[in-house]
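Note sheet for the following structure.
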Amino acid sequence: MYGAQLIDALRRLEPSVRFFGVGGDRMRAAGCDTVIDTKDLAVVGITEILSHLPKILRLYRNLIREADRRKPGLAIVIDSPAFNWRVARQMKKRGIPTIYYVAPQFWAWRQGRVRLLRKYIDKALVIFPFEEKFYRDRGVNATFVGHPLAELPNPAVSRVDYAQQFQIEPDKHWITLMPGSRVKEVRMNLPTILESAAQLGPEYEFLLPVAPTLDQSFLRSVIGSDRITLVPDALPALWHSRAGIVASGTATMEAAMMNTPFVMVYRVSTLTYLLGKPRVKVPRFAMVNLIAERNWYSTTSPPPT
């Protein structure tokens with residue numbers, strides 16, 4: 001999504017510019033020649049990555065060979081630091097200027113990795129206000145450019161039309177379920193989310209937006225219930241929902257932008273948790289709380305009902 005927005009913006013400035021690299025359906029639709037599909041890199045967790053390393057390394061080498069063949073004038077890496085700082089290192093060796101858009105959240109854990117940005121990145125474009133000072137204080141040429149979701153318009157579809165389109169009862173409360181965008185995340189998060197949904201009465205309907213990195217047949221095999229309606233886009237579902245159960249990540253920002261109250265959830269393997277927890281340096285996990293620099297409610301107030 002971020003890559004597609006960026007391509008559209010750059011094309012408006014310079015229509016003749018061409019793009020290739022790593023992307024999915026949205027970037028392809030925007031005009032990017034995708035050498036690697038993001039679905040093939042959709043792995044999360046420390047231990048989970050190990051079994052996928054041979055495939056990831058093969059894709060990485062393919063991308064670098066394609067860069068050698070096409071000789072780009074600029075490289076833009078987006079998020080995914082474990083993969084992209086290695087790409088940036090190869091671009092640096094070849095004298096290709098490199099921009100990091102949606103800079104890694106090194107402020108959250110393993111802050112020493114900032115040295116990788118200083119060494120290999122010419123410019124970092126950060127999307128959270130506090131990130132600019134964090135990176136500049138550590139010698140990185142960083143500029144806050146705003147969050148890509150901030151300018152998204154509210155969905156235009158009415159509740160009645162949306163309900164008719166997906167055969168949902170408009171008079172019931174709707175709850176959006178967002179278990180993550182990767183297969184491993186869904187397998188870890190969705191069963192417990194479904195257990196929670198099952199405890200609610202028949203006055204609720206449940207919507208589950210299908211991330212571009214997933215397919216409906218996989219989700220249906222995990223769900224095994226006709227109470228869950230699969231929908232293609234998250235924003236309309238969140239816009240018309242009474243609440244959400246949302247996996248940690250960009251989806252929490254989408255829920256906030258749609259003014260939808262939500263519970264944030266996330267689960268990783270036990271080993272990933274034990275290895276990662278001591279390295280986390282932030283007091284809050286949800287992006288909306290990190291931006292607000294406070295919890296949902298103050299310590300002197302009761303929690304919202």
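Take the residues of segment 200-213 that are at pLDDT below 90 and not aliphatic (A, V, I, L, M): which is least open to solvent (accessible area, probe 1.4 Å)? Write out each step before concluding.
Initial filter on segment 200-213 (at pLDDT below 90): 200-203, 211-213.
From the residues that got through so far, the ones that are not aliphatic (A, V, I, L, M) too are 201-203, 212-213.
Details: 201: 23, 202: 100, 203: 92, 212: 72, 213: 39 Å².
Once the filter is applied, the top-ranked residue is 201.
The residue that is modelled with the lowest pLDDT, among those in segment 50-74 that are open to solvent by 50 Å² or more (accessible area, probe 1.4 Å) and among the aliphatic types (A, V, I, L, M), is 50. Filtering segment 68-103 to residues that are among the aliphatic types (A, V, I, L, M) and more than 25 Å from the chain's Cα centre (by Cα) leaves only 96. Screening segment 237-272 for residues that are touching a helix residue (DSSP H, G or I) at 6+ places or on another chain (Cβ under 6 Å), open to solvent by less than 50 Å² (accessible area, probe 1.4 Å) and part of a helix (DSSP H, G or I) and picking the one that is farthest from residue 169 (Cα to Cα) gives 272. Kindly check whether there is at least one residue in segment 145-152 that is open to solvent by less than 60 Å² (accessible area, probe 1.4 Å), under 24 Å from residue 256 (Cβ atoms), touching a Lys or Arg at 6+ places or on another chain (Cβ under 9 Å) and not aromatic (Phe, Trp, Tyr). No: zero hits.
Would segment 79-97 turn up any residue that is of a type in the set (D, E, K, R) and under 22 Å from residue 254 (Cα atoms)? Yes, segment 79-97 contains at least one residue that is of a type in the set (D, E, K, R) and under 22 Å from residue 254 (Cα atoms).
Of the residues that sit in segment 135-144 and are open to solvent by 70 Å² or more (accessible area, probe 1.4 Å) and touching a helix residue (DSSP H, G or I) at 6+ places or on another chain (Cβ under 9 Å), which one is farthest from residue 115 (Cα to Cα)?
Filtering segment 135-144 down to residues open to solvent by 70 Å² or more (accessible area, probe 1.4 Å) leaves 136-138, 141, 144.
With touching a helix residue (DSSP H, G or I) at 6+ places or on another chain (Cβ under 9 Å) added as a condition, the list becomes 138, 141, 144.
Numbers: 138: 8, 141: 12, 144: 19 Å.
Once the filter is applied, the top-ranked residue is 144.
Touching a strand residue (DSSP E or B) at 6+ places or on another chain (Cβ under 7 Å) and surrounded by fewer than 19 Cβ atoms within 10 Å (Cβ to Cβ): does that describe residue 165? Here the answer is no, as residue 165 does not meet what is asked.
Here is a list: 84, 62. Which entry is more than 26 Å from residue 131 (Cβ to Cβ) and among the polar types (S, T, N, Q)?
Details: 84 fails: more than 26 Å from residue 131 (Cβ to Cβ).
Residue meeting the stated conditions: 62.
For segment 134-144, enumerate the residues that are without any contact (Cβ under 8 Å) to a residue 24 or more places away in the chain and under 23 Å from the mean Cα position of the chain (by Cα). Once the filter is applied, which keeps residues that are without any contact (Cβ under 8 Å) to a residue 24 or more places away in the chain and under 23 Å from the mean Cα position of the chain (by Cα), segment 134-144 yields 143, 144.
Among residues of segment 148-171 that are free of Cβ contacts under 8 Å to residues at least 40 places away in the same chain and closer than 26 Å to residue 5 by Cβ, none has a Cβ under 8 angstrom from a residue that is of a type in the set (S, T, N, Q) and in a loop (DSSP other than H, G, I, E, B) at a sequence gap of 6+ or on a separate chain. Restricting attention to segment 86-100, the residues being surrounded by fewer than 20 Cβ atoms within 10 Å (Cβ to Cβ) and among the aromatic types (Phe, Trp, Tyr) number 0. For residue 114, state whether it is open to solvent by 70 Å² or more (accessible area, probe 1.4 Å), within 24 Å of the chain's Cα centre (by Cα) and not hydroxyl-bearing (Ser, Thr, Tyr). When the stated conditions are applied, residue 114 does not pass them.
The values are calculated or read from the model by the stated rules, or taken from the named source; none is laboratory data. Quick caveat: nothing in here was measured; it's all calculated off a predicted structure. Every residue, glycine among them, receives a Cβ derived from its backbone with ideal geometry; neighbour counts consider all protein chains shown. What goes into the accessible areas is simple: the full protein's heavy atoms, side chains included, and nothing from ligands, DNA or RNA. Shrake-Rupley method; radii C 1.70, N 1.55, O 1.52, S 1.80 Å.
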